[in-house]
Structures are given as C-alpha cells and as structure tokens.
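> Okay, handing you the structure first.
Every number in this text was worked out from the coordinates using simple rules, so none of it is lab data. Predicted model only: the values in this text are computed from it and were never measured. Counting neighbours? That spans all protein chains shown, and the Cβs are built from the backbone with ideal geometry, glycine included.
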Amino acid sequence: MKKAFLNDTDFVVNTVMSVRSAYIHIPFCRNICSYCDFCKVFYNTGYVSNYLEVLKEEISTFYQGEELDTIYIGGGTPSSLSDQELEKLFVILSSLKKSNHCEITIEANFDSIIETKLDICKKYGVNRISFGLESTHSWILKKMNRNLDLNYVKKIISYCKKIGISNINIDLMYAFPGETLEEVEEDIDFIQSLDIPHISTYSLILEEHTKLFLNHEQMISDEMDAKMYDLICTKLSDYQHYEISNFSKDGYFSRHNLCYWKNKEYYGFGLGASGYLNDVRYTNTRSITRYLQKKFRYEEEKLDLYDKIEYEVILNLRTRDGISKSEFFTTYSKRVEDCYHYQELVKQGYLVEDGDHLYIPEKYFYISNEILVRLLEECKL
C-alpha cells in the first residue's frame, strides 16, 4: 500500500517564511509535579494579576499584526487560573488576529478544570484542549505529586464534547520507575475508552533539579522503555502515528505542533517562552521577577544557513512525512542530497526515499536520535 502523506487540509505550508502561530505561556501551578522541569511558579493571585498585565505589554510590543492560524496556551497549568483570570487572559489575547480556521489550544489539568472554565474557553473560541492525564495508577500519581479522579475525568471529557469541543488530546507519561507493561496497557485502555481523537505519549526523563532527580530515582532499563513504546504503538494502531510521540485520528493532527516540526516561524510570549522570528530563535527569561520588570528576552540565537537547514532536518524527521525535498529546495535553493550523504541510511532501511519524501519509517521511530546523529555526521555543508 502506498504511504499516505499529510495534505493541505492538515497543515498549510508557507513557502515564504511568515508568522502564522503564537505560543502563550502561563507558568502558574497549584502544585508542582515531581518530574516537571518546565518554567513554572506556584499560583499566587497577586502574581497572576501583574503577570497578565505584563504579558499584555509584551504582546503589544512584539506582535506585528499577522493573521494567525494557530494559538497554543501552555504552561505551567493555564487551568489553574480562576474564572476571572482566565477571562482576562482571553480578553488580552483578543488583540491577536485569527484566521477563520484558527486552531486555539489550551492545556488543562483535571484537578483544576471545572465546567465554568470550559464555558469561558468555548466563549472565546478555544476549539482544542490538551489534558495532562499522565497516569491512571494511584501509586504513580502519588510519586508525581498529582491527584486524579477517573470518574471526574470522564465527566469533564463528556462536558467538553457536550459544549462542542471535540478536538481533545490526552497526555500519557510512561517508563516511570517500577511501572509495568500491564500498567501502561491499562492506561492506554482507559484513554481509548474516552473516545478522544489525539494522544501524546512521553517517556519519563529524570531532569536535573526536579524532585524525582533529587530523590535519586532510577530510570527503567532501555529494554523495558522500548517494550513500553512498542506496546503503545501496537495498542494505538487505529490512530495515525504522525509524529514520534503523537497519535491522531484523521483530521485531528496538532496543527500548532506541526508548525514547530515543519520549522515554521512563531511567536513565543510569556515567562520562559521560546519563539522563532526573522531567523532568530529566542527564549524569554525564566525569572518571574525579571519578567515582571519587563525584561523579556534571555537568549537569542541568530541562525545562518547551516543552522536553519540542520533545524529543518532534525524537526522534519520527527514526523511520519519527514522531509519534502521540493519544499526543502524551494526554501533553501539546495537539494537535500547536496547537503547530506544519506544513501547509506536508505540502503540500510533507516531512511525511506518515497518520491518527494525522505522519512524515518515508523518501526525505527524509537531509535530516531541515533539515525539523526548518523545523518548529521554526513553533512556536506
């Protein structure tokens, strides 16, 4: 059977770099998860009020008025905001121009989302919600410093569908120290019972400065991690495995994340947010004090042609479609084969050349990092 590639209804490719996406970071959390290394601070009403005002100023300073196709509100935990704070956030974001087909996503945790907050999201045009479930097992949740009521999960998912937000993602974390294959399978079974169109799965990484790392937790073996990944892929075979960690029903790919993986430019607003504008990748400060002083940018990386091509290859090859050779040439005036010796990887089956596309086959997604290292070592630039 010929491989089916994403089409124009899944993601609009811009041959001329233009900003069509924005990421908004809400760093506040009601509790701090033991594995989390994201930019976050404990929820504080005073901080939230000041933060939203400064966020408004950052957007007005840098946003150039483009019509956006995707907006992603992440965290932290955006659903930790009160009803009034959430409404204020959406009023601020109303300054962003949105296309008629704009995908607007917000992240939420089940321990802080309620029906009135979902009503506010719906009122302001949110049409996609990404929920952090992570696990269904009480002992793992306790280790994570999370709370979860599975009956409440079902109730919230049902309410989302009732008010017309059916584009729902669930995050699952696996490879937790001591976790079994059976427990991972039970997690997948529960998520599938919710009848949602998108699932993201992440293998636990013990990041420095997290509670799990400081408690000297031990990672599971690479062999067990691989078995869990294979199990997940098998269990989700009725979904399209369109990116290394993401599975979707037809028509429900994350268009915002495809912006990242297609190496397109995007705004990043908020504490610790990253963006990509005018050949510059930038990261905002992670210091709430500096951010509230309106000292936004922490780091900037000006990309040359070599850098841009390397990002293009690394990000594109995360997806099932991989690199479009024609788009690559249109963007860089170079052929992929003029930039990399990849034929040996094709001969060995680690890369597939299928017409216009060069991609990593799904069976080798798990070792994609090793494949990328080999490919980048064969750079001709």
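> Might you report the magnitude of the Cβ-based charge dipole of segment 157-289 about its Cα centre, with Lys and Arg at +1 and Asp and Glu at -1, to the nearest 20 debye?
Roughly 940 debye for segment 157-289.
> May I pose another question? I'm checking a number: the convex hull volume of the Cα atoms of segment 325-381, normalised per residue, in Å³. What is it?
Normalising the Cα hull of segment 325-381 by residue number yields 81 Å³.
> What size of dipole, in debye to the nearest 20, comes out for segment 64-116 about its Cα centre when the only charges are +1 on Lys and Arg C-beta atoms and -1 on Asp and Glu C-beta atoms? It would help to have the intermediate numbers written out before the result.
Working: 3 positive and 10 negative charges, 34 e Å.
So the dipole magnitude of segment 64-116 works out to roughly 160 debye.
> Which translational diffusion coefficient, to the nearest whole µm²/s, is obtained for segment 118-192 from the Stokes-Einstein equation, given a Kirkwood hydrodynamic radius over C-alpha pairs, 10 °C and 1.306 mPa s?
118 µm²/s
> Based on DSSP loop calls and a cut-off of at most 16 other Cβ atoms within 10 Å, the longest stretch of the chain free of exposed GluC sites (Glu not before Pro) is what?
Working: sites that count: 66, 207, 208, 378.
The answer is 209-377.
> Within a Cβ distance under 14 Å of residue 192, other residues only, what is the Lys/Arg minus Asp/Glu net charge?
Summing Lys/Arg as +1 and Asp/Glu as -1 gives -3.
> Evaluate the charge dipole of the chain about its Cα centre and quote only its size in Debye, nearest 20, assuming +1 on the Cβ of each Lys and Arg and -1 on the Cβ of each Asp and Glu.
Result for the chain is approximately 1200 debye, rounded to the nearest 20.
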